[in-house]
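Data first, discussion second: the structure below is written as structure tokens.
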Amino acid sequence: MAEAIQKKLQAELEKYQQLQKDVSKSMSARQKLEAQLTENNIVKEELGFLDTQNTVYKLIGPVLVKQDLDEAKATVAKRLEYINGEIQRYETLLKDMEKKSEQHREVLSSLQQEYQRAQGQPVGKV
């Protein structure tokens, strides 16, 4: 009996640890998106200071290519829209992962208490 519970407990613990790794990866990706968002907001602000007489260049590989100011502004605006969408997606994903994590913690706690009962040990708070 105790061995079966221990196996369940071990399997649930592995699932929980994998979920924590996924949360960590998602948090890291979200932080990168936040950095990109900040960078693109600065670019948008700087482009706002320019007028049509200024020349804008875009880096393509090792080459600077002349770009129309309106085109540059549109590109940055589209990039900001995309980044904001991705951030929202990661926030939703992280909330779902947090719910799953809480469920795994509850299952782990109950399995641990069950395992202790099966071994005849007094059950304490985890």
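The values are calculated or read from the model by the stated rules, or taken from the named source; none is laboratory data. Small disclaimer: the values here were computed from a predicted structure and weren't measured. For neighbour counting, all protein chains shown are included, and Cβ atoms are generated from backbone atoms with ideal geometry for every residue, glycine included. SASA here: full protein model, heavy atoms, side chains in, ligands and nucleic acids out. Shrake-Rupley method; radii C 1.70, N 1.55, O 1.52, S 1.80 Å.
Name the residue that is farthest from Glu91 (Cα to Cα), counting only residues in the stretch 30-52 that are in a helix (DSSP H, G or I) and more than 26 Å from the chain's Cα centre (by Cα).
Checking each candidate, the answer is Phe49.
Look at Tyr82 and say whether it is assigned to a helix (DSSP H, G or I), open to solvent by less than 60 Å² (accessible area, probe 1.4 Å) and not small (Gly, Ala, Ser).
When the stated conditions are applied, Tyr82 does not pass them.
Given (1) surrounded by 10 or more Cβ atoms within 10 Å (Cβ to Cβ); (2) free of Cβ contacts under 8 Å to residues at least 24 places away in the same chain, identify the lone condition not met by Glu3.
With respect to (1) surrounded by 10 or more Cβ atoms within 10 Å (Cβ to Cβ); (2) free of Cβ contacts under 8 Å to residues at least 24 places away in the same chain, Glu3 is out only on (1).
Just the residues that are exposed (fewer than 12 other Cβ atoms within 10 Å of the Cβ), farther than 17 Å from Asp22 by Cβ and at pLDDT 90 or above, please, taken from the stretch 101-126.
Selection gives Glu106 alone.
Out of the stretch 6-31, which residues are open to solvent by 60 Å² or more (accessible area, probe 1.4 Å), farther than 19 Å from Glu106 by Cα and not charged (D, E, K, R)?
Ser24, Met27, Gln31
Which of the residues belonging to the stretch 39-52 are modelled with pLDDT of 95 or more and either closer than 18 Å to Ser101 by Cα or open to solvent by 80 Å² or more (accessible area, probe 1.4 Å) (or both)?
Glu39, Ile42, Lys44, Glu45, Glu46, Phe49
Taking Lys66 as the residue in question, decide whether it is assigned to a strand (DSSP E or B) and open to solvent by 90 Å² or more (accessible area, probe 1.4 Å).
The answer is yes for Lys66.
Residues are listed down the side, and each one gets a yes or a no for (1) open to solvent by 40 Å² or more (accessible area, probe 1.4 Å); (2) in a helix (DSSP H, G or I); (3) more than 30 Å from Gln10 (Cα to Cα):
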site	(1), (2), (3)
Asn54	yes, no, yes
Ala72	no, yes, yes
Tyr90	yes, yes, no
Leu93	yes, yes, no
Lys99	yes, yes, no
